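Everything below concerns the one structure shown next.
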Ligand SMILES: [Zn+2]
């Protein structure tokens with residue numbers, strides 16, 4: 001299987017998040033959630049990530065929240081979140097062809 005640089009962390013294998021507690025906020029290093037710290041993913045996973053990213057950007061451009069978009073698609077917000085972060089394929093949840101005709105799913109970037 002072809003391995004390419006993780007699109008989520010750019011091959012850094014880690015990401016940062018801000019953890020806030022009683023003693024204030026500090027930046028913590030976390031293992032990249034998408035490649036599980038490998039820095040590389042399969043080409044299939046990378047394509048899935050980019051499609052989720054495009055879907056998320058299209059949603060933001062339309063001014064929709066995750067919950068609103070999920071309601072339009074008729075899926076659970078959690079499931080849509082998984083799709084936007086490349087953890088699931090939209091095809092698993094809905095009939096993408098029909099949505100594309102209605103302009104809900106971006107066509108740009110499709111092969
Ligand atoms: Zn990564």
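Summary table
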item: Checklist (1) touching a helix residue (DSSP H, G or I) at 6+ places or on another chain (Cβ under 7 Å); (2) touching a residue at least 40 places away in the same chain (Cβ under 8 Å); (3) outside any helix (DSSP H, G or I) applied to residue 1, failing item; result: (1)
item: Residues that are under 20 Å from residue 98 (Cβ atoms) and not in a helix (DSSP H, G or I), drawn from region 61-70; result: 62, 64
item: Selection count where residues are outside any strand (DSSP E or B), in contact (Cβ under 8 Å) with a residue 12 or more places away in the chain and near the ligand (Cβ under 10 Å from one of its atoms), scope region 18-44; result: 7
item: Flag if residue 85 is within 15 Å of the ligand (Cβ to nearest atom) and over 17 Å from residue 106 (Cα atoms); result: no
item: Unique match (being touching a residue at least 40 places away in the same chain (Cβ under 8 Å), surrounded by 13 or more Cβ atoms within 10 Å (Cβ to Cβ) and farther than 23 Å from residue 1 by Cα) among 99, 80, 55, 66; result: 55
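Residue-by-condition table, conditions (1) more than 16 Å from the ligand (Cβ to nearest atom); (2) outside any strand (DSSP E or B); (3) farther than 18 Å from residue 96 by Cα:
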{"position": "10", "(1), (2), (3)": "no, yes, yes"}
{"position": "16", "(1), (2), (3)": "no, no, yes"}
{"position": "59", "(1), (2), (3)": "yes, yes, no"}
{"position": "72", "(1), (2), (3)": "yes, yes, no"}
{"position": "80", "(1), (2), (3)": "yes, yes, no"}
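Just so you know, all these numbers are worked out from the coordinates, no wet-lab data involved. Since this is a predicted model, take the numbers as computed values, not measurements. Note that each Cβ is placed from the backbone with ideal geometry, even for glycine, and that neighbours are counted across all protein chains shown.
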